[in-house]
Amino acid sequence: MTQIKKLSSVKTFKKKMNVLFLNINKKDYIYFCISSIIIFTHCQFKTFEVNKDTIKEAFDNYLTVLNTDGTKLINYENNNQEFNYDIGDIDGDNKPDAVVEYAFDLKGEIGTGLFGKKGIVIFKNTGKNLIVIDEKEISPKFERFKNINQGVILMERLDFKEGDPNCCPSEKTTEKYVIRDGKLSLIQNE
């Protein structure tokens, strides 16, 4: 088969392609066209998929930043998931992004009722991978990540109301966050 060298212009390329097509039969031409369409489609339209595996990989890569003292990561059982996460567009670019909730054991403190570091990490979908755009540390006992709803990140929080014992707040509130200028911003409490 003839090697195609780098051509200096599109016009030269078209001229060479016409000569190439004159020298092949109809069956080979049809095969060439179908093959070109398949290759073009595969190369041009393959997109990065945000799913549990890609989120876990991005989160695992970020763990060294979060876990500076080597404490154990607590795995949550949330809807049969290894960790609590949700997928949704949070920055308005029509690409699915992700939020992951994490928690660490409190090193050496067993039976005290205290918890370790807990928070959320917000990942932006670049189209090729997930990158961290922000993170927020949250109360280990009284806050949790709920979900992403129409671009809004929802957090559930327990607050104390009159008559609650010191251990156990009972009033549930929802905090709503959005991404503004690449950072997590509180927009409202309900």
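The values are calculated or read from the model by the stated rules, or taken from the named source; none is laboratory data. The model shown is predicted, which means the values in this text are computed figures rather than measured ones. Here the Cβ is made from the backbone with ideal geometry for all residues, glycine too, and neighbour counts use every protein chain on show. Just the protein is used for accessible areas: all its heavy atoms, side chains included, with ligands, DNA and RNA removed. Shrake-Rupley method; radii C 1.70, N 1.55, O 1.52, S 1.80 Å.
The one condition from (1) at pLDDT below 60; (2) among the aromatic types (Phe, Trp, Tyr); (3) in a helix (DSSP H, G or I) that Tyr76 does not meet is (3).
Each row is one residue, and each column tells you yes or no for (1) open to solvent by 70 Å² or more (accessible area, probe 1.4 Å); (2) modelled with pLDDT under 90; (3) within 24 Å of Leu186 (Cα to Cα).
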| site | (1), (2), (3) |
| --- | --- |
| Thr68 | yes, yes, no |
| Gln81 | no, yes, no |
| Asp91 | no, no, yes |
| Val99 | no, no, yes |
| Tyr102 | no, yes, yes |
| Gly108 | yes, yes, no |
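Only a single item in (1) open to solvent by less than 60 Å² (accessible area, probe 1.4 Å); (2) modelled with pLDDT under 90 is not met by Glu175, and it is number (2).
I'd like the residue in the range 113-168 that is assigned to a loop (DSSP other than H, G, I, E, B) and charged (D, E, K, R) and, out of all such residues, is farthest from Lys56 (Cα to Cα). For the range 113-168, the residue satisfying everything is Glu162.
Residue pairs whose Cβ atoms lie under 6 Å apart, sitting 6 or more positions apart in sequence or on different chains, and linking a residue in the range 124-136 that is over 20 Å from Tyr177 (Cα atoms) to a partner that is open to solvent by 50 Å² or more (accessible area, probe 1.4 Å), are Gly127/Phe48; Lys128/Phe48.
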